[in-house]
Amino acid sequence: MAFIECKDVSFSYGEGENRKAAVKHLSLSIEKGTFTAVLGHNGSGKSTLAKLLCSILLPDEGEIFVDGMKISDENLSEDDLIELHRKVGMVFQNPDNQLVATVVEEDVAFGPENLGVEPAEIRRRVDEVLKIMDISEYARHSPTRLSGGQKQRVAVAGILAMRPSCMIFDEATAMLDPQGRKEVMETIGKLHDEMGITVIHITHNMEEALEADRVIVLNDGVIALDGTPHEVFSETEAMQRMGLDVQQPTKLLHELRLAGVPLDDGITDLDACAREICRFCAGKKQ
Amino acid sequence: MLKDITLGQFFPGNSLLHRLDPRTKILCSILLIVAVFLAKSALAYGVLILLTAALIIISQIPAGTVFKALKPLIVIIIITAFFNMFFTGGEEENVLADFRIWFLHPVIRVEGIVSAVKMALRIVLLILQTSVVLTYTTSPIDMTDGIERLLSPLAKIRVPVHTFAMMMSLALRFIPTLIEETDKIISAQKSRGADFSSGNVIRRVKALVPVLIPLLLSSFRRADDLALAMECRCYRGGTGRTRMKIMKMTAKDFLFILFCALFIAVRFLPMISSSALGITGMNFSF
Amino acid sequence: MSEYAIELKGVSYTYGKGTPFMKLAVDHVDLNIRRGIITGIIGHTGSGKSTLLQMMNGLLRPQEGTVLLDGKDVWEKPGKIREIAFRVGLVFQYPEYQLFEETVRKDVSYGPKNMGLSDAEIERRVKEALAFVGIGEELYDASPFDLSGGQKRRVAIAGVIAMEPEVLILDEPAAGLDPRGRAEIFGNIVNYKEKTGRTVIIVSHSMDDMARYAEETAVLCGGRAVMMDETKKVFSAGRETLEKLGLNVPQITLLMEKLAQMGLPVSKDVFTVEEAKRELLPLLKGGQSDA
């Protein structure tokens with residue numbers, strides 16, 4: 001069984017007339033150690049999916065398994081829930097609203113403290129993750145004086161200290177400036193490439209999604225596209241129809257094609273785009 | 001504007017007072033408060049003044065900064081002294097001045113002046129000691145930790161000590177964030193022509209509605225986000241929770257407590273409490 | 001009437017003067033905002049953007065230098081500074097967090113009401129402002145808190161537009177929105193400028209946005225205005241500076257540079273997909289007809 005397994009999962013908000021389906025009969029499996037980006041416009045159900053995956057919400061229908069444990073169960077014991085949250089960490093959108101302590105290292109220690117880890121071991125872990133996240137110099141600072149990107153790295157460190165095997169970034173870059181986004185993306189790269197952590201990155205920024213192994217596009221509560229970044233972003237029209245964008249070079253090729261130039265569609269890499277245009281020009285001259 | 005309050009502020013440093021266990025400092029503050037209230041003789045006051053001066057020097061905090069703590073309370077000190085001056089009873093032959101204003105008949109006696117000076121001195125000593133020993137040299141988080149651990153025996157009789165301490169430290173964490181947010185909302189509403197400084201009281205209070213409502217809503221939103229983030233970081237109250245920082249009372253802590261306790265003991269040593277000036281036995285009350 | 005809507009002459013602002021937290025936010029900035037166009041201000045977090053904006057609408061008084069609105073010093077009569085806020089409308093970042101009234105209509109009328117306008121005039125302005133941001137009449141009596149994120153943002157912007165300011169300043173108007181929401185907001189702003197002919201200033205981190213919407217762009221760094229010119233010129237002359245400032249050059253520009261390197265006769269100063277298409281089509285199609 002894959003690390004995360006959703007089987008025919010549905011979820012609706014509200015009651016009676018106002019009932020609104022957010023996720024509809026969604027089936028999905030995510031393998032251990034992969035980096036998946038979940039794209040979708042606001043209201044596409046992507047944040048609901050994140051909440052379902054760590055049992056903040058319980059599905060109305062269907063089953064969800066994480067690392068073999070059935071988490072879509074109303075009677076999940078408190079200990080199981082704690083174990084799930086230890087294993088699957090969440091980084092949220094607003095960097096200010098997820099830090100609990102007035103000192104960075106105290107905040108990082110919060111998770112392990114809740115798990116009842118021995119003080120000396122907590123100290124060791126805190127020092128270690130601060131170093132990995134490159135924020136050791138701010139260990140004694142107050143989080144309020146850090147930049148958005150730094151705050152998000154503190155949040156990641158706080159989860160890393162619980163030794164998770166999966167991390168979900170729920171629009172964690174949406175409120176950041178370009179510098180902060182870059183910091184978070186580098187962090188994700190580190191978690192995935194060097195530490196082998198399963199990463200699920202929920203975003204509406206396609207450039208960030210490009211860095212993933214796999215891109216899932218949610219639209220109206222169902223999976224509209226699922227594949228490698230290349231496969232997904234070559235669906236230029238489908239993406240635009242869903243209120244999403246594709247990166248500019250891909251868009252240019254698509255527009256040129258629409259204007260009657262028979263270029264290869266569906267190229268996502270900048271260099272490959274340049275080569276394709278050059279190839280076409282060279283072909284003309286001969 | 002909201003940022004200029006020094007009373008209750010923490011000044012980082014590395015003096016003996018900074019390094020003491022917060023529990024020691026809380027206990028000693030209590031002891032010193034008791035000592036101030038028990039002091040009756042001029043000699044006792046003299047000793048307490050010397051002690052306070054010594055504490056200020058040990059704390060390595062500039063005297064100017066320390067005395068700033070008195071600024072917001074100066075009116076209270078003056079009013080207290082004023083009332084003590086007129087409303088302390090005493091012997092007729094000690095009358096220094098006798099006013100007749102309309103039907104009032106205030107009289108100043110020697111006792112009144114002595115009492116006013118003592119009262120003012122008391123308040124000043126209380127503020128200086130508690131701010132130097134406790135608030136200036138103890139970070140807010142150490143303080144809450146100290147309070148939590150001192151009160152921890154009460155948890156056995158179901159007093160929610162941990163919840164209380166967690167609430168306090170979260171409040172400390174979010175105060176700067178909310179101050180910043182308030183400033184931002186005020187600026188935004190001013191840009192829409194809000195006028196906070198003219199008109200009568202009712203108009204001014206009404207002018208605050210556009211600030212208070214967004215502030216309240218945002219606080220609720222933050223509280224929601226925070227609760228979710230804490231749950232995801234395996235928080236389930238105080239049970240089974242460990243702490244990274246181990247608080248350990250060392251020899252210097254015990255010595256300091258012993259030293260402070262001596263000042264109360266002094267009260268009971270007859271040779272010191274019997275006054276050289278012969279103004280014992282007077283009762284003062286707040 | 002001056003050629004410029006707003007002129008900044010050597011303005012400086014330092015926060016917390018005389019405390020250990022002293023911070024020079026704006027350092028002798030000269031900046032002229034041309035009338036009737038969209039001007040972009042670009043710079044990373046902490047470059048002094050917000051401080052600069054608040055000096056433009058009279059919320060902050062420059063400690064040095066002067067701010068001219070239509071050629072007149074805005075601080076000439078400090079008692080009347082509130083009127084400057086009506087003439088230079090400032091939309092803060094995440095303006096939806098400042099909504100407070102029970103209905104959309106009431107919230108948008110807050111500004112005009114503070115201006116002391118008649119009820120009929122307020123009604124007219126509210127309608128017009130909401131039309132600019134694409135909020136239909138069916139939502140006038142809805143609670144602003146029941147709207148979607150993008151709608152809230154647009155109602156908040158309407159609240160400033162309804163004051164009919166000579167200059168409309170928007171600080172990161174599309175922050176946190178998805179591509180569709182971004183396109184809607186920017187579409188609204190461009191349409192507003194076209195229809196009213198009023199001056200607009202957009203602040204953004206994104207060079208893509210600047211390339212697409214701003215006719216002139218100012219680059220801010222460390223509290224100083226390091227460049228100010230037509231957007232095209234700023235981008236082509238200041239490539240290195242911009243990259244050094246951590247601002248991402250549009251992908252399309254990188255692509256065109258690559259093509260030029262590969263020997264195609266294309267201009268390197270292309271910053272939007274539309275421009276690239278216009279540049280490439282004759283080349284690709286022309287080749288075809290020759291063959």
From the mean inverse distance of alpha carbon pairs (Kirkwood) and the Cα radius of gyration, derive Rg over Rh for chain A.
1.03
Tell me the volume per residue, in Å³, of the convex hull enclosing the alpha carbons of region B:119-221.
197
In whole Hz, the Karplus estimates of ³J(HN,Hα) for region C:180-189 (6.51, -1.76, 1.60; θ = phi - 60°; x where Gly or Pro) are 5, x, 4, 4, 4, 4, 5, x, 4, 5
Relative to the longest principal axis of chain A, what angle (0 to 90°, nearest 10) does the C-alpha long axis of helix A:248-258 take?
30
Translational diffusion coefficient of the protein assembly as shown at 4 °C, 1.567 mPa s, Stokes-Einstein with Kirkwood Rh over Cα pairs, in µm²/s as a whole number.
41
Debye intensity ratio in log₁₀ form over the Cα atoms of region C:250-291, taken at each q of 0.28 Å⁻¹:
-0.95
Using eta = 1.306 mPa s and T = 10 °C, Stokes-Einstein with Kirkwood Rh from Cα pairs puts D for region C:7-87, in µm² s⁻¹, at 119
Take every residue in peptide B:234-243, count the Cβ atoms of other chains within 10 Å of its Cβ, and give the average of those counts.
6
Of the heavy-atom accessible surface of region C:215-260 (probe 1.4 angstrom), what whole percent is carbon and sulfur?
45
Can you give the charge dipole size of chain B about its Cα centre, rounded to the nearest 20 debye, using +1 on the beta carbon of Lys and Arg and -1 on the beta carbon of Asp and Glu?
920
Cysteines having no other Cys beta carbon under 4.7 Å from their own, within the protein assembly as shown
A:Cys6, A:Cys54, A:Cys166, A:Cys273, A:Cys278, A:Cys281, B:Cys232, B:Cys234, C:Cys221
Looking at this model, which pairs from A:Lys70/A:Lys190; A:Lys131/A:Lys151; A:Lys32/A:Lys190 are more than 18 angstrom apart at the alpha-carbon?
A:Lys70/A:Lys190
Ignoring ligands and nucleic acids, A:Val222 exposes an accessible area, probe 1.4 Å, in Å² to the nearest 10, of 60
Rounded tilt (10° steps) of A:270-285 against the dominant C-alpha axis of chain A:
10
What are the aspartates and glutamates whose alpha-carbon lies under 16 Å from the alpha-carbon of B:Lys252, with same-chain residues fewer than 8 places away excluded?
B:Asp21
Computed for A with B: buried accessible area summed over both chains, 1.4 Å probe, rounded to 100 Å², at 3100
Any residues in region A:88-105 that have 40 Å² or more less accessible area with all protein chains than in their chain alone, probe 1.4 Å, and which are they?
A:Phe92, A:Asp96, A:Asn97, A:Val100, A:Thr102
Theoretical FRET efficiency, 1/(1+(r/R0)^6), r = Cβ-Cβ of B:Ser15 and A:Ile56, R0 51 Å, to 0.05:
0.65
On the accessible surface of region A:33-81, probed at 1.4 Å with all protein chains in place, carbon and sulfur together account for a percent value of 39
Only Cα pairs within less than 10 Å get springs; with that Gaussian network setup on chain B, which residue of B:Ile26, B:Ile157, B:Ile108 has the largest fluctuation?
B:Ile157
Please give the direction-averaged projected area of the C-alpha convex hull for chain C, in square nanometres with one decimal.
18.8
Would you kindly find the accessible area of C:Glu166, with a 1.4 Å probe and non-protein molecules such as ligands, DNA and RNA excluded, rounding to the nearest 10 Å²?
70
Given Cα pairs under 8 Å that are at least 6 residues apart, what percent is the relative contact order of region A:1-76?
38
What's the total accessible area buried between chains A and C, using a 1.4 Å probe, rounded to the nearest 100 Å²?
3100
When only the heavy atoms of the protein chains count and the probe is 1.4 Å, how do C:Ser204, C:Ser267 rank by accessible area, highest first?
C:Ser267, C:Ser204
Report, as an integer, the average count of C-beta atoms from other chains found within 10 Å of each Cβ along C:96-104.
5
Setting aside same-chain residues fewer than 8 positions from B:Lys71, which lysines have a Cα under 18 Å from its Cα?
B:Lys3
Accessible area that becomes buried as B packs against C, both chains, 1.4 Å probe, Å², nearest 100:
1600
Could you look at chain B and say what percent of its accessible area is carbon and sulfur, using a 1.4 Å probe and all protein chains?
71
If you take the square roots of the eigenvalues of the alpha-carbon gyration tensor of region A:247-286 and sort them as a ≥ b ≥ c, do you get rounded (a/c under 1.5), prolate (a/b over b/c) or oblate?
oblate
What span do the alpha-carbon atoms of chain B cover on each of the three principal axes, reported in whole Å from largest to smallest?
71, 59, 40
Solvent-accessible heavy-atom area per residue, rounded to whole Å², over the protein assembly as shown at 1.4 Å
45
Proximal lysines to C:Lys233, defined as alpha-carbon separation beneath 19 angstrom and excluding residues fewer than eight positions away on the same chain:
C:Lys244, C:Lys268
Between region B:38-115 and region C:203-256, what's the alpha-carbon centroid distance in Å?
66
To the nearest Å, what is the center-to-center distance of region B:14-33 and region C:105-153, using C-alpha atoms only?
57
Reported to the nearest 10 Å², B:Phe259 has, with a 1.4 Å probe, an accessible area equal to 90
Antiparallel bridges, percent of DSSP beta bridges restricted to chain C (to nearest 5):
55
Could you tell me which of rounded, prolate or oblate describes region A:81-146, using a ≥ b ≥ c as the square roots of the eigenvalues of the alpha-carbon gyration tensor, with rounded for a/c under 1.5 and, failing that, prolate when a/b is larger than b/c and oblate otherwise?
oblate
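Could you pull out the pairs from A:Lys46/C:Lys127; A:Lys46/C:Lys49; C:Lys17/C:Lys232; C:Lys258/C:Lys285; B:Lys68/C:Lys72; C:Lys193/C:Lys285 whose alpha carbons sit more than 31 Å apart here?
Cα-Cα > 31 Å for A:Lys46/C:Lys127; A:Lys46/C:Lys49; C:Lys17/C:Lys232; B:Lys68/C:Lys72; C:Lys193/C:Lys285; rest within.
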Per residue of C:185-197, what is the mean number of Cβ atoms on other protein chains within 10 angstrom of that residue's Cβ?
0
Using C-alpha positions alone, give me the convex hull volume of region B:4-155 per residue in cubic angstrom.
159
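The values are calculated or read from the model by the stated rules, or taken from the named source; none is laboratory data. Since this is a predicted model, take the numbers as computed values, not measurements. For neighbour counting, all protein chains shown are included, and Cβ atoms are generated from backbone atoms with ideal geometry for every residue, glycine included. For accessibility, only protein heavy atoms count, side chains too; no ligands or nucleic acids. Shrake-Rupley method; radii C 1.70, N 1.55, O 1.52, S 1.80 Å.
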